[in-house]
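Coordinate-derived values only; no laboratory data. Fair warning: this is a prediction, and the values are worked out from it, not measured in the lab. Virtual Cβ from ideal backbone geometry, glycine too; neighbours counted across all protein chains shown.
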Amino acid sequence: MENGKINTLDIVRKDQEGFYLQDEKKQEIFLSKEEAALDLEVGSSIDVFIYKDRSRVISTKLPYAQVEEFAFLNVKLLTEQGAYADWGLEKDLFIPLEEQMETLVVGSSYLFFVYEDENNGTIRGSQRVEDFVFLDEIDVKRGDEVDLLLYRESELGINVVINNLYQGLVFMSDVHKDVKVGEQIKGYVKQVREDGKIDVLLEPLGYKKSVESNTDLLLKAIKKEGDFLALTDKSKPEEIKSALGLSKKAFKRAAGHLYKKKLIDIRTDGLYLVNKK
């Protein structure tokens, strides 16, 4: 039974007080009827979260993150010793004062890494992202699709955790859609640097080039039609294809790019060129 992890255990027997669960090594743990909150059948399996607080706790509620995972968690309480954050269980996750990187505010969410204290086995949280990411033995390469957790925005770009293992950055010049800190989205490896950090794109490689060429095509079409083009996201794909030679998806992407750059105005009847004074 792994501490701080979700374990799938077999229900081997029950009595009036609750259920006895067993792992592959025949180790047993007791689950009370109150904690189970449902009638379980002997011979079936159940996912439970087992972790050490002051004593070993078993829960049928599953946390937002388990050991060796990052997650945004809401701070509920501050004390002289540390903070407590909601991680989806009855008992909140403790973040020791020395594991905090900033002044935490109750009611706000922050990125934490869930770890097991090597000294006593208790489960704790930390804001020290750099201490828990890998900077070597990186098994992703240019062009790979990866899972991103966006956790901090700066002048350079958006810092991300990649595949729950690595640290990366999406440069502001590579952000072509609305995203925000706290989101979990897909991304693509642009390059792996010598220091182990990774540059990431939010679209597949080659996307920017295609967007820019389609954007230029659409902008020219709007100007050619007297600064107004009677196409919208409600237009039929064949109408868009006939007028621009673009798919509806490419049209919407190019229009969104122009709108974000404040070059056009998108209205219900079509696209209008923004005349800047």
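Note that segment 230-247 has calculated 3J(HN,Hα) couplings of 7, 10, 9, 6, 8, 5, 6, x, 5, 5, 5, 4, 5, 7, 10, x, 10, 6 Hz, one per residue in order, obtained from phi through the Karplus relation 6.51 cos²θ - 1.76 cosθ + 1.60 (θ = phi - 60°); glycine and proline are x. With K and R counted +1 and D and E -1, the other residues having a Cβ less than 15 Å from that of ILE158 yield a net charge of -2. At full extension, ASP199 and LEU78 could sit 40.0 nm farther apart than now, given 0.36 nm per residue minus the alpha carbon distance.
Positive end of the dipole of segment 155-250 (Cβ unit charges, origin at the Cα centre): among PRO204, GLY245, GLN184, the Cα lying farthest that way belongs to GLY245. Residues whose amide H lies under 5 Å from that of VAL57, counting only those 5 or more places away or on a different chain, are TYR51, LYS52; hydrogens are built 1.01 Å from N in the peptide plane.
On full extension of the chain, what length is gained from SER173 through GLU145, given 0.36 nm per residue of separation minus the C-alpha to C-alpha distance?
Details: separation 28, 0.36 × 28 = 10.08 nm, distance 1.94 nm.
In short, 8.1 nm is gained.
Taking the Cβ-Cβ separation of THR122 and ASN164 as r and a Förster radius of 22 Å, what is the calculated FRET efficiency to the nearest 0.05? After rounding to 0.05, the efficiency reads 0.55. Check the straight Cα-Cα distances from LYS190 and name the lysines below 21 Å, setting aside those fewer than 8 residues away within the same chain. By straight Cα distance, LYS190 reaches LYS141, LYS177, LYS180, LYS208, LYS209. Computed extension length for LYS223-GLU130: 28.6 nm, one decimal, from 0.36 nm per residue of separation with the Cα-Cα distance subtracted. Summarising the strand pairing of segment 128-277, around 95 percent of its internal DSSP beta bridges are antiparallel. Projecting the Cα atoms of LEU104, ILE138, LEU148 onto the charge dipole of segment 100-157 (Cβ charges, centred on the Cα centre) puts LEU104 farthest toward the positive pole. In straight-distance terms, cross-link reach from LYS76 covers every one of the lysines whose alpha-carbon lies under 19 Å from its own, apart from those fewer than eight places away in the same chain; here that gives LYS61, LYS91.
Qualifying GluC sites (Glu not before Pro) in segment 51-88, where qualification requires a DSSP coil assignment and no more than 14 other C-beta atoms within 10 Å, comprise GLU68, GLU80.
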